[in-house]
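> Pasting in a structure now, in structure tokens, and then I'll have a few things to ask.
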Amino acid sequence: MSDTGWRIALFKNGLIWKIVLAMTIVNIVALAAMFFGWMIFLAVYDWLFPKTPYPDDWTAFDLVVFGSIILIGQLTAAVVGWRLARKITAPLAAVGMAARSVAEGDFSARAMENGKSFGEAEQLLTDFNAMAARLEAAEAELRYSNTAIAHELRTPLTILRGRLQGLNDGVFTPGPELFDSLVAHVDGLSRLVEDLRVLGLFSASKLELTTQSVDLAAEATAVLRSMAPDLAIADITLETAFKPVWIKADAARVRQALLALLENACRYAAGSDVRVETLIIDHYAVLRVSDTGAGLLPDEYDHAFERFWRADTSRTRARGGSGLGLSVVRAIAESHGGKAEIRPNAGCGIIVEVFLPLPKRDHGTTH
């Protein structure tokens, strides 16, 4: 339907026509009340004023005055009703047109209204445009994520296919080193799939947590024990400062978050000093990982938690990073009702902090 046709249909069946009709009916009722009231007044006039007779016949002037009153009242009702209806329906029409554009795939459409509307209409426009902006951002992120996922899967799958084809053709000699390399690629794919699963569940608000009483220091100790060989290979000097902190959390997810932070340190801060701490800040248990590596540029901190973002694309791809590690850390923190933050370390490197809410009885402040 064209814009003109749609406006005609809106006038015939919409709020404008109903308001004009309602105003007309109100005006007619008011005139009828006035007319019949006047008739009643004439009927009781002689009783009220017996010594002052009232002329029985209507003069032409009376008819003109009465007709003018009807005409002026009707025109006033129509004009007021029309203007009121336009003021009410204009923002609704703008939202409707923008909604149809969004439904057709144009996520950049926005509801625009010329002139000043009433408060509720302005709020409707603001809320709709905010929703449309979020849909546009989500759609752009989905397109980017699909492209990035395809790219991340293509490289290891190509390598695996080449190695397996080489084994089948006799180009490669089976041996522990080759099989270890194949297993490493499979492990990398498994981590990528798990990270994508966590982020997908978090985005859909479906990330389920099995919460229990957890000592953050004990979980960190267990993760560091399992990561010891990788930290040694990355030539990382490890420091710890663990304060026992008991929280209600999913132990497996907490370990997953710390593991992602340590893997990032191995890739980005090889050969540096890494410090892992557990402490209490305000109403949160905090898991802090800091390093003395190359760090980030000032304008890169705002992007650090974005999916598939890399500070150094070529270097990270060569070391197997997918750009999902910090996104997973933030998703785990927020699913617990906490948050994740990143900031520069004094001198060089970065500090990443995972804030997890304390039980209410354990609130305290320690820096």
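The values are calculated or read from the model by the stated rules, or taken from the named source; none is laboratory data. Nothing here was measured: the structure is a model prediction, and the numbers come from that model. Using ideal geometry, Cβ is built from the backbone for each residue, glycine included, and neighbour counts are taken over all protein chains shown. Ligands, DNA and RNA are excluded from the accessible area calculation, which covers all protein heavy atoms including side chains. Shrake-Rupley method; radii C 1.70, N 1.55, O 1.52, S 1.80 Å.
> Quick one: net charge around VAL102, please, counting Lys, Arg +1 and Asp, Glu -1 for every other residue with C-beta under 13 Å from its C-beta.
Net charge in that neighbourhood comes out at -1.
> If we sort 295-304, 167-176 on the protection proxy, mean other Cβ atoms within 10 Å, highest first, what's the order?
295-304, 167-176
> Would you mind putting 248-261, 181-194, 270-283 in packing order, based on average other-beta-carbon counts within 10 Å, highest first?
248-261, 270-283, 181-194
> Could you give the length gained on full extension between LEU71 and SER190, defined as 0.36 nm per residue of separation minus the Cα-Cα distance, in nm?
Extra length from LEU71 to SER190 when fully extended: 34.8 nm.
> At a probe radius of 1.4 Å, what is the per-residue accessible area of PHE242, in Å² to the nearest 10?
About 70 Å², rounded to the nearest 10.
> Rank-order 89-98, 209-218, 223-232 by packing density, defined as the average count of other C-beta atoms within 10 Å over each peptide's residues, highest first.
With the highest mean Cβ count within 10 Å placed first, the list reads 89-98, 209-218, 223-232.
> Test of understanding: what is the full-extension gain from ALA103 to GLU208, defined as 0.36 nm times their sequence separation minus their Cα-Cα distance?
Computed gain between ALA103 and GLU208 is 34.6 nm.
> What accessible area per residue, rounded to a whole number of Å², is obtained for the range 148-214 using a probe radius of 1.4 Å?
Spelled out: the 1.4 Å probe surface of the range 148-214, per residue, equals 67 Å².
> Can you list residues from other chains, or at least 5 along the same chain, whose modelled amide H is less than 5 Å from the amide H of THR240?
VAL276
> Provide the per-residue ³J(HN,Hα) series for the range 208-223, in order, calculated from phi with Karplus coefficients 6.51, -1.76, 1.60 and θ = phi - 60°, each as a whole number of Hz, with x at glycine and proline positions.
Per residue, the Karplus-derived 3J(HN,Hα) values read 7, 10, 9, 7, 7, 6, 10, 8, 4, 5, 5, 5, 5, 4, 5, 5 Hz.
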